[in-house]
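Structure first, then comments.
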Amino acid sequence: MIVSRLESALFALKQLADQVSLRLPLENLREQIGRLSSTQPSWPPLRIGNRIATVPVVQGGMGVGISLSGLASAVANAGGVGVIAANAVGLIEKDYFKDGRAANLRALRREIREARKKSDGVIGVNIMVAVNDFHELLDVAIEERVDLVLMGAGLPVKNIPVQRMREAGVSPVPIVSSPRAVDLIFRMWKKLYNDVPDAVVCEGPKAGGHLGFSEEQIDDPEFALENLLPPIVEVLQPFEEELGRRIPVIAAGGIYDGGDVYEVLELGASGVQMGTRFVATHECDAAPEFKQAYLDCAEEQIGIIQSPVGMPGRAIRNEFIARTEEGWGPRFRCAWQCLASCKAEDARYCISLALNSARKGKLDRGFVFAGSNASRVAEIVPVSSLVNELAEGFVARARESVLLGVDAVAASVREARDSGVALVQKRYEELVARITDLRAALHEAVLGMDLR
């Protein structure tokens, strides 16, 4: 009923925009009212390929066993996109050091099947392009017919089995950090496969874990998520026009609450990817001590490290990190060369083993990756509660946007009226009266907005 009242008031605004006389010197008023009348009273669903998530939130794929079937299925059941991370997933197997490659494939297959048992929602897999078993892990995801595969830490261009992915109903989704990367991937896919990915994740520099930016770029406003999004949306437009379909952009990195979701959707995104907030849930597959690190950390503890894989990463700095930076390193044995660029010997530790120790709660032998807003986490909650909180925050920000927008329109009309000539004074008075009436109707409607 409330949403219906809001839609009626917004429709009335649209009619008003159509009726504004061109003779009134009100610069951009029609555009102002048009934008306002298109305001979303609730968040839109996220369509990726042939699958639709009623909640436009993709749970970040957090490797080395942080996001497995437990977390992914809970997010899918809540209406979002649940994601199993394939990176070093075999460390949850007892025989990883006997055959790490085989353990990864076996563990990933089992986790996908477990997630399918628990949920009929949207389930995806995150695979790092840079790992040496990328293609084998991708084969497992295709064979198990996951809904989508997110591919980051490298450009997924060469030798991608696109036809088999299409036959299995698997949507390809690259993770990128620049418009240039998007353009390259899409042009090469058109050339090599006569196809393009179904969606794109745009990950900004405030994300947790390994980052696709140099240390200098991380704090450079030019590379902030809000500045990356519009150019990426623009790069995709020619492909959308050619194909006659939407290619959604999913914003990631530093998104914390429902207000953030609203802001990036206003910039052209169709959904968001969130990792940090989902760590702080009961269903996250990590040990309680791993989650507690989020609750205990202060903002100044979250910093950038140089990973053995040759990329900067964002983590909660602890004694383990401090000691390795001073030259100390734990004794370790490399199970197999899982990443060609890894310099574990130079760094004096294996990052997969360190992250796996942290996953099991042994923070003296490892550390926790986290996004820039991890210190804001105050409690561990169920996934369903987190999704409800995000929805409420989105609606609250939408309310604020509607009321501020109506006030801006009314202010524009009053300003023009005050400076108008007598011949059009009456027109202005009538317009102000109509906008005032509409604001009252909108105010009543938005104060009761929710997603029910």
ASP260, sole failed condition from (1) surrounded by 17 or more Cβ atoms within 10 Å (Cβ to Cβ); (2) part of a loop (DSSP other than H, G, I, E, B) = (2)
Could you run through segment 359-385 and say how many residues are in a helix (DSSP H, G or I) and either free of Cβ contacts under 8 Å to residues at least 12 places away in the same chain or surrounded by fewer than 23 Cβ atoms within 10 Å (Cβ to Cβ) (or both)?
-> 7
Return the only residue of ARG145, ARG110 being in the same structural domain as VAL89 (by TED's automatic domain parsing), on the phi < 0 side of the Ramachandran plot and among the basic types (Lys, Arg).
-> ARG110
Inside segment 238-256, can you point out the residues that are part of a loop (DSSP other than H, G, I, E, B) and within 18 Å of ASN50 (Cα to Cα)?
-> GLY244, ARG245, ARG246, ILE247, PRO248
Being hydroxyl-bearing (Ser, Thr, Tyr), out of contact with any helix residue (DSSP H, G or I) (no Cβ under 8 Å at 6 or more places or on another chain) and at pLDDT below 90 narrows it down to one of SER307, SER341, so name that one.
-> SER341
Would segment 297-318 turn up any residue that is among the acidic types (Asp, Glu) and in contact (Cβ under 8 Å) with a residue 60 or more places away in the chain?
-> yes
Residue match in segment 116-126 (condition: crowded, with 22+ Cβ neighbours inside 10 Å, in contact (Cβ under 8 Å) with a residue 60 or more places away in the chain, within 26 Å of ASN159 (Cβ to Cβ) and of a type in the set (Gly, Ala, Ser)) = yes
Checking GLU216, GLU263, GLU240, GLU226 in turn, the sole residue that is charged (D, E, K, R) and within 29 Å of ALA358 (Cα to Cα) turns out to be GLU216
What single numbered condition from (1) over 21 Å from ASN388 (Cβ atoms); (2) among the basic types (Lys, Arg); (3) crowded, with 20+ Cβ neighbours inside 10 Å fails to hold for ARG277?
-> (1)
Yes/no for PRO179 being touching a Leu at 6+ places or on another chain (Cβ under 8 Å), over 21 Å from GLU299 (Cα atoms) and not β-branched (Val, Ile, Thr) | yes
Selection from segment 160-177 of residues that are surrounded by fewer than 21 Cβ atoms within 10 Å (Cβ to Cβ) and either out of contact with any Gly (no Cβ under 8 Å at 6 or more places or on another chain) or not assigned by TED's automatic domain parsing to the domain that holds ILE123 (or both) = PRO161, VAL162, GLN163, ARG164, ARG166, GLU167, ALA168
Matching residues in segment 283-325 (at positive phi and surrounded by 17 or more Cβ atoms within 10 Å (Cβ to Cβ)) number 0
How about segment 1-97: which helices (runs of 4 or more DSSP H) wholly inside it have at least 2 residues that are modelled with pLDDT under 90 and under 29 Å from VAL395 (Cα atoms)?
-> 2-19, 29-37
When segment 98-117 is checked residue by residue, the ones that are part of a helix (DSSP H, G or I) and farther than 22 Å from GLU283 by Cβ are GLY100, ARG101, ALA102, ALA103, ASN104, LEU105, ARG106
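Would you say PRO172 is touching a residue at least 40 places away in the same chain (Cβ under 8 Å) and more than 24 Å from CYS342 (Cβ to Cβ)?
Details: touching a residue at least 40 places away in the same chain (Cβ under 8 Å): no; more than 24 Å from CYS342 (Cβ to Cβ): yes.
Against the criterion (touching a residue at least 40 places away in the same chain (Cβ under 8 Å) and more than 24 Å from CYS342 (Cβ to Cβ)), PRO172 does not qualify.
The values are calculated or read from the model by the stated rules, or taken from the named source; none is laboratory data. Model, not experiment: these values are computed from the prediction. Methodologically, a virtual Cβ is constructed for each residue, glycine included, from the backbone with ideal geometry; neighbour enumeration extends over all protein chains shown.
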